[in-house]
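Notes follow the structure.
The values are calculated or read from the model by the stated rules, or taken from the named source; none is laboratory data. Being a predicted model, the structure only gives us computed values, none of them experimental. Cβ: placed from backbone, ideal geometry, glycine included. Neighbour counts: every protein chain shown. We work out accessible area using only protein heavy atoms, side chains counted, and drop any ligands, DNA or RNA first. Shrake-Rupley method; radii C 1.70, N 1.55, O 1.52, S 1.80 Å.
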Amino acid sequence: MKRRIAVFANGWNNLAIEQALKGIRSVTDKLNIDIFMFLSFAAYNQPESALRGEDAIFDLPDYTDFDGAIIFSNMLNSDEPPRKIAKKLVENNVCGVSVGLPMEGLSLVGIDNYKGMYELINHLVKEHHIKNPAFFAGTRVHPDSNERIQATKEALEKNGLNLNPENIVYTDWEYIKSLELAIEFAKRPNPPDSFICANDYIAIAVCVGLKKLGYSVPKDFIVTGFDKISFAETFYPSITTVYQDYEKLGYIAAWQLLEKINGTEKSEKVVVSSKFVQNESCGCKKENEAETVRHEFCITSFTKEMEWLVFQGQEVEMTGTIFNASNYKQLAENVLKFYSNNKPLNQNDFYFVLDSKARRNLISSSFQVQKKYSETMNCLVSVKDGKAKYEGEFKRVKLIPGYKKKKTPCVYVFTPLHFEDLMFGYVVLKDAMQQIKDTTLNHYMSQMNYNIEQFRKNSRLEEMNKVLRNISNTDQLTGLNNRLGMESNGVPLMEKAHKAKKSCAVVFTDINQMKYINDNFGHLQGDLAIRTVASALLSEMPDKWIGIRYGGDEFIALGVCNDKELVEEYIERIQINLEKQVSSMRLSYPLSTSCGYVLTDPALDFSLNDYISQADDYMYEQKQKAKKNAAKIFFKKEK
């Protein structure tokens, strides 16, 4: 035996994965088998390109290097990724087990969603006398969600009730959408008396939505979930739910895989039943019974909060480490220095790996960005036994540079480095179960991927700046035109447009609370804010327009245009782009802008500075209106 198996899963199912790995390891650890887990963080609300980028991690390994594989097929958003994995396993004669969905050529560990849900609905009808339930489903095509709907319908019919089609909605597993739908349903003339939810996250969102309207659960509405996540127990009210024993599922899947490898498999299909769990949200469990779990949660929450603050500080430092690099050598040096002074997420072995071809296309626009992994990788840093070092190039098939089977079994977690479907590399962590469970790894990779994309943009900007470096009209911090550049490029652009009887748009943008950022977070963070806003302006700027850094935190966008709607759409795109960047960067301070604009009149003898002054005045009016509106909202809340 090669003494290692592959596991394919989705990191958003963090609690289920953590439990399943306990079950798997209770088998594999005794046999000294390593687990290589390939983890995607693909989510339903992501664009298709981002989903491809996340799921590309499943194409990273050579499947023949493993004794076998376990696919958590019900976690992978759709049946396409698990079917591709299953096909590769079969083609390469590698034994495989699917947990959740049947896959051709693989053994199956099935999950009986039906039994637990049927018991839950039967309980609600007989004990709580529900008459008009609503069902908040996941997606229309998700088999688990659909099985839970079917169980609900049949349990209701058995009790002489029907599930009204108008009471079935699809949340796409999204928290905000679930919350908003709960508010909408509660405002109906004939609202439902209960909300049956396809999972616990949806159930919690429903409870929050109902609370916003002043309702109480279970006094006004009954709410139930599915999965028995830890938050379902600590939430108030604790969520009545259905329990899937993922530890048992992992244990069975591991034994089934080993029997298949050894040719002693007794059955190619095993089904594990789910179990109904009573809690406060249906009115069964008393508050004092639920307090034990909440008490323990409160004891540990402060410690976790402190750990999270430390982690956030390291995230900010990592962002600066990568963001401030503008060439590959500098990136490699910065990353090595950072991990020499900071321990990785879980303080265990860690590998930061870039694709060798991505290495070229990260720094030069002459190379096309990869959409799949190449055969050679470059490990910028490995951290083993607390020591960081540069590993250099190695063959992709090895996955981990210098990997050797240890005396004790390990779990290695692989997550992708990418921007949308542009592949840059991957990160490996050893024994990172806690970081999967508490979502730290998810946040870390989201930030890391953003950082790498910013490095790519910085590198491309640096490439252009090499040409422009000696030109005095370029602002070195942002790559935009400076005041001299405005005179050299902006004024001629407007004059040429006016000669052709065409108007120009002059958009004035100012960073809000710039002094607060500089005074409280330092000028390096101030520079970061300026570069981020400049990036948003440039990214969304129409073709043939020019960008100008007019002052310290003031920017001008100038281009031929006679349509107010196009200008307003551009301003809106700037705000959306900036919000996305800020969300990804997880800044410790607010970063937003105010914008004003004017359209020039070719018939008037006004200078560009005259129009900039008008746009500035309009921007200031908009800023003052925003402040007044914010004050009114605050005053109303205070009253």
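Step through the residues of region 175-184 one at a time and calculate ³J(HN,Hα) from phi using the Karplus curve (6.51 cos²θ - 1.76 cosθ + 1.60, θ = phi - 60°), rounding each to whole Hz and writing x for Gly and Pro.
For region 175-184, the Karplus curve yields 5, 4, 4, 5, 4, 5, 5, 4, 4, 4 Hz.
Show me the GluC sites (Glu not before Pro) within region 206-264 that DSSP assigns to loop and that have at most 11 other Cβ atoms within 10 Å of their Cβ. Present the calculation step by step, with values, prior to reporting the outcome.
On the way: sites: Glu233, Glu247, Glu259; in loops: none.
Taking region 206-264 and a limit of 11 other Cβ atoms within 10 Å, no loop GluC sites (Glu not before Pro) are found.
At 1.4 Å probe size, with the rest of the protein present, what percent of the exposed accessible area of region 53-187 is carbon and sulfur atoms? Could the numbers behind the result be given before it?
Numbers: 2560 of 5520 Å².
Ligands and nucleic acids excluded, carbon and sulfur reach 46 percent.
Using a 1.4 Å probe on the protein chains only, how many percent of the accessible area of region 466-528 belongs to carbon and sulfur? Intermediate values should be presented prior to the final figure.
On the way: 1860 of 3570 Å².
For region 466-528, the apolar C and S fraction of the accessible surface comes to 52 percent.
Report the calculated FRET efficiency for Glu80 and Asn122 (r = Cβ-Cβ distance, R0 = 35 Å), to the nearest 0.05. Numbers along the way, then the final one.
Working: r = 35 Å, r/R0 = 1.00.
Plugging the Cβ-Cβ distance into 1/(1 + (r/R0)^6) gives 0.50.
If you count, for each residue, the other Cβ atoms within 10 Å and average over each peptide, how do 418-427, 132-141 line up from highest to lowest?
Details: 418-427: 22.5, 132-141: 19.7.
Peptide ranking by packing, descending: 418-427, 132-141.
Each label point is 7 Å from the Cα along the Cα-to-Cβ direction; what then is the distance between the points at Glu495 and Asp385, in nm?
Each label point lies 7 Å from its Cα, and together they span 7.0 nm.
Of the listed peptides 592-605, 272-285, what is their order by residue-averaged count of other C-beta atoms within 10 Å, with the highest listed first? Each step should come with its number before you reach the end.
Details: 592-605: 16.9, 272-285: 19.6.
Ranking, from highest mean packing down: 272-285, 592-605.
Hey, which of these cross-link pairs are over 28 Å Cα-Cα: Lys22/Lys275; Lys211/Lys625; Lys337/Lys407; Lys22/Lys398; Lys515/Lys564; Lys501/Lys544? Let's see the in-between values first.
Details: Lys22/Lys275 20 Å; Lys211/Lys625 31 Å; Lys337/Lys407 30 Å; Lys22/Lys398 26 Å; Lys515/Lys564 31 Å; Lys501/Lys544 17 Å.
Going by Cα-Cα distance, Lys211/Lys625; Lys337/Lys407; Lys515/Lys564 fall outside the 28 Å limit.
Can you give the helix-only mean residue ellipticity at 222 nm for the chain, where every DSSP H stretch with n ≥ 4 adds -39500 (n - 2.57) and the sum goes over all residues, rounded to the nearest 500 deg cm²/dmol? Walk me through the numbers on the way to the answer.
Working: 19 runs with 295 residues, N = 639.
For the chain, the value works out to -15000 deg cm²/dmol.
Between Lys580 and Lys266, what FRET efficiency follows from the Cβ-Cβ distance if R0 is 41 Å, with the result rounded to 0.05? Spell out each step's value before the answer.
Numbers: r = 52 Å, r/R0 = 1.26.
In this case the efficiency is close to 0.20.
With a 10 Å radius around each residue's Cβ, average the other Cβ atoms per peptide and rank 497-506, 401-410, 221-230, highest first. Please report the intermediate quantities before stating the final value.
Details: 497-506: 17.4, 401-410: 12.3, 221-230: 24.8.
Per-residue Cβ counts within 10 Å, averaged per peptide and sorted highest first, yield 221-230, 497-506, 401-410.
Once the piece of chain linking Arg188 and Lys371 is laid out straight, how much longer is it, given 0.36 nm per residue of separation minus the C-alpha distance between them?
Details: separation 183, 0.36 × 183 = 65.88 nm, distance 4.76 nm.
Length difference between fully extended and current span is 61.1 nm.
Before I look further, what does the chain give for accessible area per residue, probe 1.4 Å, in whole square angstrom? If you can, show how the numbers build up before the last one.
On the way: 29950 Å² over 639 residues.
I get 47 Å² per residue for the chain.
Any of Lys2/Lys372; Lys187/Lys219; Lys126/Lys285; Lys580/Lys623; Lys177/Lys285; Lys406/Lys430 with alpha carbons more than 19 Å apart? Name them for me.
Result: Lys2/Lys372; Lys580/Lys623; Lys177/Lys285 exceed 19 Å.
What is the calculated FRET efficiency for Phe606 to Ser539, with r their C-beta to C-beta distance and R₀ = 30 Å, to the nearest 0.05? Don't skip to the answer; put the middle values down first.
On the way: r = 30 Å, r/R0 = 0.99.
Computed FRET efficiency for Phe606 and Ser539 comes out at 0.50.
Over all directions, average the projected area of the Cα convex hull of the chain and note it in nm². The partial results should precede the final answer.
On the way: hull surface 133.4 nm².
If you wrap the Cα atoms of the chain in a convex hull and average its projections, you get 33.3 nm².
Taking H as built 1.01 Å from N, whose amide H comes closer than 5 Å to the amide H of Asp112, not counting residues under 5 places away?
For Asp112, the qualifying residues are Val272, Ser273, Ser274.
Quick one: of the DSSP bridges fully inside the chain, what percent are antiparallel, nearest 5? All intermediate terms of the calculation are to be shown ahead of the outcome.
Details: 48 of 88 bridges.
Given both bridge residues lie in the chain, the antiparallel proportion sits at roughly 55 percent.
Give me the distance between the Cα centres of region 80-135 and region 514-581, rounded to whole Å.
Spelled out, the Cα-based centre of one part sits 48 Å from the other.
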